[in-house]
Amino acid sequence: MSAYYMQAFFILSTQHRADASTPERKSVSMKKKVKVISSLSLAATLIVPSAIVGFAADDATTENPTVSVVNFSPESGNKSTNIASMSKIIEQADEQGTDIIVFPEMSVTGYSKEIPVALAESKTGSTAAYFSDLAEKYDMYIVYGAPETVPGDSAHAYDSAFVCTPDGKVDSYQKMLVSADDSSCKAGSTPVYFDTKFGKVGLSVGNDAADLIELSRIYSADDCFMIADCNSIETEDYTKNYDFSDAVYCDYTKSYYNLDWTDYNRNSTYNVVYQAGLYVASANLKGTYDDSTFSGGSMLAGINSLDEYNKIWSMWQSSIDKNADFTDYIIKVYAGGEESSDTLCTGTVDLSTVTHELVDMDIYQPNLYKEWYSQLAEYGTSLTKAPTTTDSPTVAVVEMNPKWADKAANTEKMINYIEKAKAEGVNIITFPEMALADYASTSDPDSEIWKSIVENAETTDGYYANLIAKAAADNNMYVIYGTAEVNPDDEQHPFNSAFVATPEGKTLTYRKVQVVEGDWATWGVEPLIIDTPWGGMGISICMDTYAYPELARYYAAAGCKILVNPTASTGYAGSNFIYNNAISSIVARDNMALLSCDLVDTSGYQDSMLYPGKSTIIEPNGVSSVYLTTETMTKEKMLTATLDLSNAGFDLENYNPSVMAKAFAALDKGNAVYDYSGLVAASEYTSETEPDTTVTPTTSVTATTSKDATSAASAVTTAPATSDTATKSSSSDNGAVKTGQATAIALLAVLACAGGLSMYALKKKKEL
């Protein structure tokens, strides 16, 4: 990995590591490390890898593509008028040098809360034929939203994104997250990309890109450089008038919980860019349809340029304002991004900034995800027990400054906080990552740091674990704290774990999956759900939360109401971005309360690291969310809040974990098998009913008129396709195995604070 990408990734992750000089060690087989996650006796689920559909590439180029996203106001039910308007916009885009253009959801038919089945067409229909001709004429990839026929089912239609390529190819992606209110809309089940001369582009419709975060990361793992998103986000859906009077400190200016759609769209898109490392070209509707108002705000967003990253790197190291927000240096809007009457928003993608680190490293493990999601598909929320009370839990996060390698002193401090929390009625208390003996990072097995980690590694029945378990029982409290845990298979490589002491006096363990502490840590492979009186509580550690949305989704879909995140995050520049986007997105997307607890002040071996605190408690739907103030960032503090969980609970409509399980199985560490069954050639176009020749463009479109486009639009029919007779162009024999790294070895950037911040490279562990 280049120094640039090491910097870029580390700015986003904000996780400290240290020494890079370490001999390679043998990896432990995944088979040996996997254990039963729940008390359920789960039978092995046979998964047939689902194909991720795509078609072959044009001649490759090193040029950067110019991309246009369209704020579009279609006329409801008038296909011919809308197509004529779109043709004028396409002509205007061509004049701007556009290579890829993206229109919103249902741009051909106009938006409707119920899919207009009567207006649906197939990939061989006249609309696709028309846009295919335009794609060839302008040498442009055209993506548009329209209802698609379901073969053999006249009562339903897909809500689809169609793509037409310059070489006469047509494909479509069917929306997966379909509203339960629309019984006529059939949900799709397959990720679809199209290949261009610039690289692969994934397709999305509506909330699929932002809310189905697994889809975005699958596209990234498939080496896509961008998602073309036919979107339709209603203004009023994200106008939230919450009472923040109980908040200690709230900065919602760049969080998910904002008061206008523009901010929501910007930050949901930012989160996809960060966690998938690719560009998002999101086109949104404008206007009012079925009492739904859309405000445009289409945007092309991606990772910022190398020059800007160099700026943030310099600013991060020299910044006096350690609470500064450098989000705009991390993510860049290349086009659009504001509510505007502008029809066409055009920008150029910088392909040099596309990064797949979060899916190339061991952090992305579809071999694990396919098992977890298969459990969800088979058992669903039965993985957790239902709440046994309607009472609201009181929770606490303790910003703690542990004493290096002194488990006795740190245990005493934690017990004092537990007793203090009891007096305030706390039911769940959380301490930071590695709080028992302090956070440590090294890759040198001969260092004092490594030796100390091994020496202070704890067991769930160890002396200090038992002291804390007794305190949990005496105070009727769940206590979560971080510690190095003895690895019974390899004592020289402990786990980075979160111990959970229950009110019954038992101690359970979650082992961090994404370890960025150096080579001393062995990574875990399983989630941990605690059944509390208030519902399921999932445990995640630091990077597992920030860059690992599959784990949070697993917990939410399994029925968890609370997610607990012990962390040791040091990056000031990235911390606001992390908390305002990655953390808040989990609450917004998965509807769980979230407790994130960080270290504070100087810490670690010889006080070599500086932590800002920034612990937070966020309630589902944003009400009474609390942050620590900047004035307390160098002081220990316990923050408490009483959570209203009445609105908690995963409710993503028509979420189907089996679809993602199959996609993960197909990926299997980056080795995806593609088939080309979605491909339709221009020669397969079928004739349909005679067209409506009276085409009038909408007045809201400001593009210049094209005689060729206008005449071509006159050949477009307003009648639905009468049949769908397309034949599949190939079978599984036509699949091509995606070449990828057999061994996923990645480098991360590292920071250490000792009189100042410095960066070290660290070699990732071998692939399991």
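The values are calculated or read from the model by the stated rules, or taken from the named source; none is laboratory data. Note that the structure is a prediction, hence the values are computed from the model and not measured. No Cβ is skipped: glycine too gets one built from the backbone with ideal geometry, and neighbour counts run over all protein chains shown.
Results for (1) within 21 Å of residue 655 (Cα to Cα); (2) at pLDDT below 85; (3) among the polar types (S, T, N, Q), shown as yes or no for each residue.
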{"position": "213", "(1), (2), (3)": "yes, no, no"}
{"position": "217", "(1), (2), (3)": "yes, no, no"}
{"position": "238", "(1), (2), (3)": "yes, yes, no"}
{"position": "241", "(1), (2), (3)": "no, yes, yes"}
{"position": "252", "(1), (2), (3)": "no, yes, no"}
{"position": "266", "(1), (2), (3)": "no, yes, no"}
{"position": "278", "(1), (2), (3)": "no, no, no"}
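In region 130-186, how many are within 27 Å of residue 88 (Cα to Cα) and of a type in the set (Gly, Ala, Ser)?
8
If residue 139 passes every condition in (1) touching a Leu at 6+ places or on another chain (Cβ under 7 Å); (2) at positive phi but one, which one does it miss?
In the conditions (1) touching a Leu at 6+ places or on another chain (Cβ under 7 Å); (2) at positive phi, residue 139 misses (1) alone.
Against the conditions (1) at pLDDT 85 or above; (2) at positive phi; (3) in contact with a Leu (Cβ under 8 Å, 6 or more places away or on another chain), where does residue 649 fall short? Just the number, please.
(3)
Quick grid of which residues meet (1) over 27 Å from residue 567 (Cβ atoms); (2) surrounded by fewer than 21 Cβ atoms within 10 Å (Cβ to Cβ); (3) among the polar types (S, T, N, Q):
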| position | (1), (2), (3) |
| --- | --- |
| 333 | yes, yes, no |
| 357 | no, no, no |
| 361 | no, no, no |
| 373 | no, no, no |
| 382 | yes, yes, yes |
| 387 | no, yes, no |
| 413 | no, yes, no |
| 427 | no, no, yes |
| 435 | no, no, no |
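Restricting attention to region 64-90, report how many residues are of a type in the set (A, V, I, L, M) and in a helix (DSSP H, G or I).
Residues in region 64-90 being of a type in the set (A, V, I, L, M) and in a helix (DSSP H, G or I): 5 in total.
Find the residue count for region 592-609, including only residues that are acidic (Asp, Glu) and surrounded by 24 or more Cβ atoms within 10 Å (Cβ to Cβ).
So in region 592-609, the residues acidic (Asp, Glu) come out as 598, 601, 607.
Then keep just the ones that are surrounded by 24 or more Cβ atoms within 10 Å (Cβ to Cβ); that gives 598.
Result for region 592-609: 1.
Looking at (1) surrounded by fewer than 19 Cβ atoms within 10 Å (Cβ to Cβ); (2) at pLDDT 85 or above, which is the only condition residue 305 fails?
Result: residue 305 passes all but (2).
Looking at region 512-559, which of its residues are within 23 Å of residue 380 (Cα to Cα) and either among the charged types (D, E, K, R) or without any contact (Cβ under 8 Å) to a residue 24 or more places away in the chain (or both)?
526, 531, 544, 550, 553 - these are the residues of region 512-559 that are within 23 Å of residue 380 (Cα to Cα) and either among the charged types (D, E, K, R) or without any contact (Cβ under 8 Å) to a residue 24 or more places away in the chain (or both).
With 150, 102, 143 as the choices, which residue is over 28 Å from the mean Cα position of the chain (by Cα), under 30 Å from residue 657 (Cβ atoms) and either aromatic (Phe, Trp, Tyr) or at pLDDT 95 or above (or both)?
Details: 102 fails: over 28 Å from the mean Cα position of the chain (by Cα); 143 fails: over 28 Å from the mean Cα position of the chain (by Cα).
Going through 150, 102, 143 in turn, just one is over 28 Å from the mean Cα position of the chain (by Cα), under 30 Å from residue 657 (Cβ atoms) and either aromatic (Phe, Trp, Tyr) or at pLDDT 95 or above (or both): 150.
Determine, yes or no, whether residue 419 is out of contact with any helix residue (DSSP H, G or I) (no Cβ under 7 Å at 6 or more places or on another chain), of a type in the set (D, E, K, R), surrounded by 23 or more Cβ atoms within 10 Å (Cβ to Cβ) and modelled with pLDDT of 95 or more.
No.
Just to verify a result, which residue in region 522-540, among those that are small (Gly, Ala, Ser) and part of a strand (DSSP E or B), is surrounded by the most Cβ atoms within 10 Å (Cβ to Cβ)?
Per the stated criteria, the residue is 538.
Does residue 547 satisfy the criteria of being assigned by TED's automatic domain parsing to the domain that holds residue 401, in contact with a strand residue (DSSP E or B) (Cβ under 8 Å, 6 or more places away or on another chain) and of a type in the set (Gly, Ala, Ser)?
Answer is no for this residue.
What are the residues in region 483-494 that are surrounded by fewer than 21 Cβ atoms within 10 Å (Cβ to Cβ) and in contact with an Asp or Glu (Cβ under 6 Å, 6 or more places away or on another chain), if any?
Within region 483-494, none qualify.
Looking only at residues in region 377-387 that are hydrophobic (A, V, I, L, M, F, W, C) and in contact with a Ser or Thr (Cβ under 8 Å, 6 or more places away or on another chain), which one is nearest to residue 666 (Cα to Cα)? Lay out the reasoning, then the answer.
So the first thing to find is which residues in region 377-387 are hydrophobic (A, V, I, L, M, F, W, C), and the list is 377, 383, 386.
Narrowing further to those that are in contact with a Ser or Thr (Cβ under 8 Å, 6 or more places away or on another chain): 377, 383.
Numbers: 377: 17, 383: 25 Å.
Of everything passing the filter in region 377-387, 377 is nearest to residue 666 (Cα to Cα).
Restricting to region 264-283, name every residue that is out of contact with any strand residue (DSSP E or B) (no Cβ under 6 Å at 6 or more places or on another chain), of a type outside the set (Phe, Trp, Tyr) and in a helix (DSSP H, G or I). Before the answer, list the steps.
If we filter region 264-283 for residues that are out of contact with any strand residue (DSSP E or B) (no Cβ under 6 Å at 6 or more places or on another chain), which is where we start, we get 264-268, 271, 274-277.
Filter again for of a type outside the set (Phe, Trp, Tyr), leaving 265-268, 271, 275-277.
Passing the criteria: 265, 266, 267, 268, 271, 275, 276.
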